[in-house]
Amino acid sequence: MPRFKRSSKDEMLQGTLDMLILRTLIPGPAHGHTIAHVIEHTSDEVLQVEQGSLYPALHRLEDRGWLVSYWGSSENNRKAKFYKLTQAGRKQLATETGRWRRIVEAIGRVLGEAAD
Amino acid sequence: MHLRRFFHHRAHDNELARELEAHLQQAIDEYIAQGVTPEEALRRARIRLGSETRIREDIWEWNSLVFLESMLRDWRYAARTLARNPGFAIMTIAVLATGLGANAALFTVVHSVLLKPLPFRDPNRLVMLYERSVDPRFAFNVVAPGIYAEWQKQGQSFTKMAIFGSSSYNLSGSHGQLPEKIETTRCSADFFSTLGVQPAYGRAFEAKDDRLQADATVVLSWGLWKRRFGGDPSIVGTNVLLDGVSYAIIGIAPAWFAYPDMQTEHRELTDRLIADRLTRTFSVIWQRKANLYDMPTPRQVARSHSPATRRFPPRVRTGVGLSRFE
């Protein structure tokens, strides 16, 4: 089994990073730095991407065939490795999003009952 | 994990290193754009990314077949250690080789002597029969042909029983060859059929050969046939002289057949010998009907067969002993 565990208090929920990466790539290909930046920026800096686990995650997603990678030039003309969502990746994102929504809803119900 | 990745480990790792380098550059560019000094930008970017090596190691490990790699490492380590100390290496290899060789040799012997079944038909059912005398010194005595004949006459619990004994004969020279003294086995007609052996050429002994008035017959061993008769199959049907008596060659034993020993011709036993109850020089093979698990104890056999000898004079009166087929 891959070991991507990081001892960090801000560690993201297991599996959510994959989902966020896939979501970030919906508009088009991006390289690692952009992906991390977009996730942090879109979440209003609430989510901090542990960069040490970003690359292993990208690697893992590519290995499963959800992403493909290629070398290209970044916006400021530097060499960078770009990741692109595959068809399988899109399907996976849909699955994971659905699962995530159900979990959030379920947790919400539990918390809501507790509050009553 | 893709096997392809495993074999392109190094290339993959290099690419990852370049990717992380690119990432750092991006981050540095960004920090500089925010108005930070290049040194500070590099520092912040590094802190943000964390240990590059750690990331590379994680992915490297993920791409590894850990078992295979540690095995390769062990092999390399072993080779290095042995190369550093050749004297020790040679000693170790010699010791191991000797041990392995000895084991293999020993097992070969054990295999053929103890484990491999005998090349005969139903070898589990073959046993040796011995005469059991009242004299405890002769608990397992070799058999006199007359006793064998009595056993055979009344034995219902066996399918086949054969008697054989060895003696040597003079084989007269023919075609200018010198005469030769050969070891032979005299046997009853059912010797080959009890063992389930078919001759390579010709036929085995039959009941009709086992009579006094029948022609004397002989089955040659493969070795003698090759040596004396040039392996000529047409020799079957011709005659040889053994102790000056003419014997018809009726068959050639197969090449692998070396029972009771390596160099034996087989010659039939006539009922003149069958009448002899005192010349205890013969061995008897018995092929039992059932398998080994319901083998009667020697005592049972002795009881069931001893009436056969009851009408003989006391020194002939014996029971039956069983032993492993050998």
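The values are calculated or read from the model by the stated rules, or taken from the named source; none is laboratory data. Please read all numbers here as calculations on a predicted model, not as lab measurements. Cβ: placed from backbone, ideal geometry, glycine included. Neighbour counts: every protein chain shown. Surface accessibility is based on the protein's heavy atoms, side chains included, excluding ligands, DNA and RNA. Shrake-Rupley method; radii C 1.70, N 1.55, O 1.52, S 1.80 Å.
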Checklist entry - Got a sec? Which of A:R90, A:R23, A:R109 is basic (K, R) and within 12 Å of the chain's Cα centre (by Cα)? => result A:R23
Item to check | Of all residues making up region B:62-109, the number that are aliphatic (A, V, I, L, M) and under 28 Å from B:H8 (Cα atoms) | outcome: 7
Next on the checklist: Going residue by residue through region B:67-87, is there one that turns out to be of a type in the set (D, E, K, R) and within 9 Å of chain A (Cβ to nearest Cβ)?
Outcome noted: no
Checklist outcome for this item: Taking first residues from region A:36-61 that are more than 9 Å from chain B (Cβ to nearest Cβ) and second residues anywhere that are open to solvent by 80 Å² or more (accessible area, probe 1.4 Å) and not in a helix (DSSP H, G or I), the pairs with Cβ under 6 Å that are 6 or more apart or on different chains are A:Q48/A:D10
Next on the checklist: Going residue by residue through region B:93-114, is there one that turns out to be at pLDDT below 90, of a type outside the set (G, A, S) and closer than 25 Å to B:I163 by Cα?
Outcome noted: yes
Checklist entry - Taking A:S73 and the conditions (1) in contact with a strand residue (DSSP E or B) (Cβ under 7 Å, 6 or more places away or on another chain); (2) more than 14 Å from chain B (Cβ to nearest Cβ); (3) free of Cβ contacts under 8 Å to residues at least 12 places away in the same chain, which numbered condition does it fall short on, given that it satisfies the others? => result (2)
Item to check | Those residues of region B:202-245 which are among the basic types (K, R) and surrounded by fewer than 16 Cβ atoms within 10 Å (Cβ to Cβ), in sequence order | outcome: B:R203, B:K208, B:R211, B:K226, B:R227
Next on the checklist: Every residue in region B:13-22 that is within 10 Å of chain A (Cβ to nearest Cβ), within 60 Å of the chain's Cα centre (by Cα) and open to solvent by 40 Å² or more (accessible area, probe 1.4 Å), please.
Outcome noted: B:E15
Checklist outcome for this item: Over region B:172-184, the set of residues in a strand (DSSP E or B) and farther than 26 Å from B:A207 by Cβ is B:E180, B:K181
Checklist outcome for this item: Only one of (1) open to solvent by less than 70 Å² (accessible area, probe 1.4 Å); (2) among the polar types (S, T, N, Q); (3) more than 12 Å from chain A (Cβ to nearest Cβ) does not apply to B:Q25, and that is (3)
